[in-house]
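Written below as structure tokens is the structure these notes are about.
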2 protein chains.
Amino acid sequence: MKLKNLVSKRYKETPADCVIASQALMMRGGYIKSVGNGIFTLFPVTKRITAKIENIIRQEMDRIGGQEVLFPVAMPASLWQESGRFDSIGSELLRFKDRSGQDMVLGMTHEEAAVHFARDVADSYTQYPFMIYQIQTKFRDEPRCRGGLIRVREFTMKDAYSFHTSQKDLEDYYQVVYEAYNRIYRRCGVKEVVAVASDSGMMGGKVSHEYMLLTPVGEDTIVLCPECGYRANMEAAPCLLPVPEDRPAAAPLEKVDTPDVKTIEDLCALLKISPTLTCKAVVYQENLTDRYVIAFLRGDLDVNETKLRNAIKAEIHPAEITEESGLNAGFIGPKGLPANVRVVYDLSLKGGEWFATGANEKDKHYTGFNIARDVGEVGYIDIAKAMEGGVCPQCGKKSITLSRGIEVGNIFQLGTKYTQSMNMTFVDADGSLKNPIMGCYGIGVGRLAASVCEAHRDEYGPIWPMSIAPWQVHICSLRAEDPQVAEVSQKLYDDLTAAGIEVLWDDRSVSAGVMFSDADLFGIPLRVVISPKGLKNGTVEIASRDKTMQEKKAPEEACAFVVSAVHEELDRIEREAR
Amino acid sequence: MKLKNLVSKRYKETPADCVIASQALMMRGGYIKSVGNGIFTLFPVTKRITAKIENIIRQEMDRIGGQEVLFPVAMPASLWQESGRFDSIGSELLRFKDRSGQDMVLGMTHEEAAVHFARDVADSYTQYPFMIYQIQTKFRDEPRCRGGLIRVREFTMKDAYSFHTSQKDLEDYYQVVYEAYNRIYRRCGVKEVVAVASDSGMMGGKVSHEYMLLTPVGEDTIVLCPECGYRANMEAAPCLLPVPEDRPAAAPLEKVDTPDVKTIEDLCALLKISPTLTCKAVVYQENLTDRYVIAFLRGDLDVNETKLRNAIKAEIHPAEITEESGLNAGFIGPKGLPANVRVVYDLSLKGGEWFATGANEKDKHYTGFNIARDVGEVGYIDIAKAMEGGVCPQCGKKSITLSRGIEVGNIFQLGTKYTQSMNMTFVDADGSLKNPIMGCYGIGVGRLAASVCEAHRDEYGPIWPMSIAPWQVHICSLRAEDPQVAEVSQKLYDDLTAAGIEVLWDDRSVSAGVMFSDADLFGIPLRVVISPKGLKNGTVEIASRDKTMQEKKAPEEACAFVVSAVHEELDRIEREAR
């Protein structure tokens, strides 16, 4: 295709609200156009990329026995009432009424639709296992859209659902999907994606993994152990602490004056102690009842709200501390709390000899506070965020490091959460009626495209991997009005096209500077520059977008060279994905 | 693929609410599953069909220079306010508020999104013409869903938008699309689809065509002239009447008693005249003002509401005639009406010497009513439905026939309705600023699949054309536990698959009756039956689903025979589509 016929647009300026590099490049390069908050139109160049990604996903799903279906975007609320999620999910689930006043939702995921479909088609164990998937538009009413296609409200997603007669069968298949996902990312050219253990959140179920592109601009924190390869999402990683080396002896309880001490930092400065010797209170409220929930943990740690939610089995939000609450903000401690608050102690406090903590009185703290002695025996639960230098839960070394990532896919062992609530059953070999065991598996197509751009780019534009590049070869004809340039360019374009190569041909009358900076924004992996100067020397210039290759070739050799370079690169990606 | 591994289901009974044959077959055959009113999940068998249809559409759009994009399903209402359609479209446009209270809509068509996108990318005449298209989910809150995938609320649609610098350029391209559409239907195996002139309705613009599958169960009435090939949708066809042979002489005006006469039939019976000698009143109200609109037309004709709407440039609904209205239902005529009603006279009344008509008094009619004489000169407008035996507007013969059809696509010359209201401009060659001229072009993918089924079926199931069939060959292995049957079947399956043929293989332990009736419901164009009895005679049986071919072949000849039969049929369809 000729660039001048392509519906496209490039911008000199980066829009002001771009927060990450790939977003800036995709806005400047005319990949996406904002239609509303977190809602985009994809330009033809981007649709070419996502179509290739979808094709790779489809091939890998089919390869592991997946069967493509299509579920609706808009669904009756009754389906989501069956599973209970119509009430349990917050306002990210878009609810509306149709013209007849019926409650409806826009699908943000399709477990309900999958069970509604599958419960009709598989009533005998002989029909299991099976996996169905779709590639379909989803809507999720995100409060914080971000990073272009990274966090949006409307997106195209591949979602797959598998059904099994036993946990063992699910686990075996889960491993098969795990590997198919690894192939998908590698075939899309992003080896940088790793699987990490994750929390299952609103999906239900126990075992789950997220596929993370490791990048400093990621929204998720990942807990890594370079010693043993342990990897988990922050929400799923236990916080194991090294035994402190200078453990203090027990001390008597004393109430001390701490005027104007509002934070742990203030308190440590006043008392000249380390934050590891303090017991910090973080206050939440349950969403349904507004009841206060106080999480106590060691002063140097932060609460992992997902773990806390899972521990208390309730949705929570940061508290608003009123005068009637009986709580003294800044001075809250375990002793002397109002009766009706819910208290959770983090594991980090277990076995501590003493802590400085609030005395539940204005301008007063305790020192020498010992939980067992001063409030009695309590249970301790892991609710803190894992920390740099923490203990690896897998190998036991003090080797935990934290890293950032973008989630580009996830897989869940769901269990029977949906088949039970929605009454899907099958007759097992022994004649008994059971609920099938489910897995579910998602990949956001647009986010994956944006993540590839984030992982493969320079300051001038994306560097698309050959397997998903919008075109494979970009011909730049400098001075296309020159008859020899025109002739050589046309012949190369025709020959490459005839050889099945996808070519974008720029023969506009623009300066070399504009032509090359536009080419950088297109990010096509191979570039052929045809110019009067080169032709005078009997050559055209062939270079890779990532600057690892630059060759001069005679015009008559160019086609064969480029064709084999394209195939070699495609083959390399496929080989490394195996 | 083995049938026993396919996620599928067939039903013995036809659901009670099926109104057309294809719907019944697609429900019984497990093609679609209802999720809600007009909302379906597509089974894998159906997704295979729609994927092939989408592929054909995509090829034809690309062939005429289309560039694929992706617009959002959910859009801010502000876009639709720009074009004015947020207010002008009724409740079939699904409106909702997002979590931040913003008004949003679900796209039922994407003119607004297309202009929003295109107005950024083409500000000079040199960038025209271009066409962009998408294949995307649409939602239209239909009050009357019907016929399975024929009339639904959520559907996958290909919608395309072209932009031009002149009406001539649009008209030239319109012709190109017109022919691409013909190719699409023929390549999908439905030669029965014809283009008919249509009314542009809410889309705006003047010239438009609908592609209609002619079938008695269609929802649309099509006006055809077998003499000259004229074809139009009822909504777009002029109603031209033959000059009556027994035209009566003028008569004096007389008021007559017509007690209990409520209808034209009653009146004709009482007066012993033909309905062609009556002037009938049909009463509507304007949606915005509730003002009465009275359409007068010859008693044997019906009002075409679309023509009436277009003529008075207002949305209307059938009237509720109240006591305060001053109207005497059943006795309404042109003379003596209340002052504030709006009156429209149909062309059929023009030049009539006299009519019987209401006297605007209870139990009274006029005879000998002459419009020019008794109410003065009025304008006459064509607002009646074309009728069987009417005059063809193209060749002038009294040859009009009416037929029924299902609309499976449409193309519109939109003009500048959207580019003007949404302020899309370009600088023309002469330096002047102009609004581009648009065309738009739609095809519903699911409806097309259902229409193919409606056109190609027998009482036992669909007969899918080779080009869009879910599989190309269906192997039925009767007694697959027989070692010879198993061996021959496996080899044929392997050989066909290796030759690139798509095969569904049924090796279940079921009776021949069940196997064949299931195969009929799958509707795969070629069937190979492998049985112990056949093998004893040294043959397998190869038959086409449409019963035009049945052959016995030696097992070792079967593969080559089937491969060439598949390719011949695919070639035939492609050849005839050219």
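List of remarks:
- Matching residues in the stretch A:80-92 - criterion: being buried (at least 22 other Cβ atoms within 10 Å of the Cβ) and without any contact (Cβ under 8 Å) to a residue 60 or more places away in the chain: A:W80
- With respect to the conditions (1) within 29 Å of B:F130 (Cβ to Cβ); (2) outside the structural domain of B:L149 (by TED's automatic domain parsing), B:A180 falls short on a single one, namely (2).
- In the condition set (1) surrounded by fewer than 21 Cβ atoms within 10 Å (Cβ to Cβ); (2) touching a Pro at 6+ places or on another chain (Cβ under 7 Å), B:C188 is compliant with all but (1).
- Restricted to the stretch A:529-554, and to residues there that are touching a Gly at 6+ places or on another chain (Cβ under 8 Å) and surrounded by 14 or more Cβ atoms within 10 Å (Cβ to Cβ), the residue that is farthest from A:D482 (Cα to Cα) is A:R545.
- The set of residues in the stretch A:367-397 being part of a strand (DSSP E or B), in contact with a Cys (Cβ under 9 Å, 6 or more places away or on another chain) and more than 16 Å from A:C239 (Cα to Cα) consists of A:F369 alone.
- When restricted to residues that are assigned to a strand (DSSP E or B) and either more than 9 Å from every other protein chain (Cβ to nearest Cβ) or within 17 Å of B:G439 (Cα to Cα) (or both), the stretch B:97-125 contains 3.
- When A:R140, A:R153, A:R186 are screened for being closer than 20 Å to B:M75 by Cα and more than 10 Å from chain B (Cβ to nearest Cβ), only A:R140 passes.
- Wholly within the stretch A:219-281, strands (runs of 3 or more DSSP E) carrying at least 2 residues that are closer than 14 Å to A:W354 by Cβ: A:254-257
- Among the candidates A:G229, A:G205, the residue that is outside the structural domain of A:E60 (by TED's automatic domain parsing) and at pLDDT below 95 is uniquely A:G229.
- Top-ranked residue in the stretch B:244-294 [being loosely packed, with under 15 Cβ neighbours inside 10 Å and among the β-branched types (V, I, T); ranked as nearest to B:H365 (Cα to Cα)]: B:T263
- In the stretch A:126-169, the residues that are part of a strand (DSSP E or B), among the aliphatic types (A, V, I, L, M) and either out of contact with any Gly (no Cβ under 8 Å at 6 or more places or on another chain) or surrounded by fewer than 20 Cβ atoms within 10 Å (Cβ to Cβ) (or both): A:I135
- Listed by position, the helices (runs of 4 or more DSSP H) contained in the stretch B:38-96 that have at least 2 residues being within 12 Å of chain A (Cβ to nearest Cβ) are B:44-63, B:77-83.
- Residues in the stretch B:456-465 that are crowded, with 22+ Cβ neighbours inside 10 Å and at negative phi: B:P462, B:W464, B:P465.
- Looking across the stretch A:1-19, the residues that are in contact with a strand residue (DSSP E or B) (Cβ under 8 Å, 6 or more places away or on another chain) and either of a type in the set (S, T, Y) or assigned to a loop (DSSP other than H, G, I, E, B) (or both) come down to A:M1, A:L6, A:V7, A:V19.
- Matching option when the condition is out of contact with any Asp or Glu (no Cβ under 7 Å at 6 or more places or on another chain) and assigned by TED's automatic domain parsing to the domain that holds A:D62, among A:V121, A:V196: A:V121
- Residue check for B:D172: assigned by TED's automatic domain parsing to the domain that holds B:G66 and without any contact (Cβ under 8 Å) to a residue 24 or more places away in the chain: yes
- Residues that are without any contact (Cβ under 8 Å) to a residue 24 or more places away in the chain and hydroxyl-bearing (S, T, Y) were ranked within the stretch B:1-23; the one that is farthest from B:V217 (Cα to Cα) is B:Y11.
The values are calculated or read from the model by the stated rules, or taken from the named source; none is laboratory data. The structure presented is a predicted model; accordingly, all values stated were derived computationally and were not measured. No Cβ is skipped: glycine too gets one built from the backbone with ideal geometry, and neighbour counts run over all protein chains shown.
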